[in-house]
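Just below is one structure, and these are the notes that go with it.
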Amino acid sequence: MIKNIILKIYSFCDTIRLNLFSKKREYYQPFMLNTQYKWMRHIRYVYWKNRKTNLGKEVRFSFNLKFIRPENITIGGCSKILNNVIIDGRGSVTIGANTQVGFESIILTGNHNIYKADTAIVNQGMNYKPVVIGNDVWLGTRVIVLPGVTIGDGAIIGAGSVVTKDIKSGTICGGVPAKLIRKRD
């Protein structure tokens with residue numbers, strides 16, 4: 001009962017902020033959900049579920065998250081999304097089960113069109129490509145995943161890496177741009 005009341009208050013505050021400040025479909029987790037109490041995990045799950053994010057069972061969200069177009073984001077069961085993560089769902093993002101997205105990671109699906117030299121970049125629009133992250137994947141701290149990338153099942157991406165190309169299943173990759181370090185045993 002108390003959790004439902006709290007969620008209604010958070011949703012109301014979030015709706016007011018969206019209507020006053022933005023016409024975009026961007027959602028920041030309200031600051032009131034940014035506490036580390038264990039019981040807040042359930043409330044954060046319900047908060048993102050109510051934003052039309054497609055969630056499996058027991059997905060765990062940390063605090064200070066930003067989802068753009070959460071209705072285009074799918075997260076498999078038992079996955080963890082840690083602090084300060086940004087997920088851009090404009091081109092669709094699919095994250096498999098048992099996957100962990102590390103602190104301050106960014107998953108992008110959009111990029112600026114840049115090919116017409118006689119037109120300002122800001123006037124050329126955007127293009128979007130889906131990102132697919134498999135099951136049992138670990139994205140380390142501050143990983144950046146660029147549009148159109150597929151990361152295979154069981155892959156590990158080292159901290160601070162920039163993933164520009166597809167990553168095969170069962171591999172450990174790292175660097176800028178991310179390259180194969182070795183295969184998992």
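Looking only at residues in the stretch 105-127 that are assigned to a loop (DSSP other than H, G, I, E, B) and open to solvent by 70 Å² or more (accessible area, probe 1.4 Å), which one is nearest to Arg60 (Cα to Cα)?
The initial filter retains those residues of the stretch 105-127 that are assigned to a loop (DSSP other than H, G, I, E, B), namely 105, 108-109, 113-120, 124-125.
Adding the requirement that they be open to solvent by 70 Å² or more (accessible area, probe 1.4 Å) leaves 114-118.
On the way: Ile114: 37, Tyr115: 40, Lys116: 43, Ala117: 45, Asp118: 47 Å.
That would be Ile114.
Given the conditions (1) farther than 21 Å from Gly134 by Cβ; (2) open to solvent by 20 Å² or more (accessible area, probe 1.4 Å), and given that Glu58 satisfies all but one, which numbered condition is not satisfied?
(1)
Only one of these is open to solvent by 40 Å² or more (accessible area, probe 1.4 Å) and either within 19 Å of the chain's Cα centre (by Cα) or in contact (Cβ under 8 Å) with a residue 40 or more places away in the chain (or both): Asp153, Asp185. Name it.
Only one candidate passes the filter, namely Asp153.
Can you tell me which of (1) under 20 Å from Ile151 (Cβ atoms); (2) in a strand (DSSP E or B); (3) open to solvent by less than 70 Å² (accessible area, probe 1.4 Å) is the one Ala97 doesn't meet?
(2) is the only condition that Ala97 fails.
Which residue, of Pro147, Pro130, is buried (at least 18 other Cβ atoms within 10 Å of the Cβ), under 16 Å from the mean Cα position of the chain (by Cα) and either farther than 17 Å from Arg60 by Cα or in contact (Cβ under 8 Å) with a residue 12 or more places away in the chain (or both)?
Going through Pro147, Pro130 in turn, the sole match is Pro147.
The values are calculated or read from the model by the stated rules, or taken from the named source; none is laboratory data. Worth saying up front: this structure is predicted, and the values here are computed from it rather than measured. Here Cβ is always computed from backbone atoms with ideal geometry, including for glycine, and neighbour counts include all displayed protein chains. Quick note on the areas: whole protein, heavy atoms, side chains included, nothing else; ligands and nucleic acids left out. Shrake-Rupley method; radii C 1.70, N 1.55, O 1.52, S 1.80 Å.
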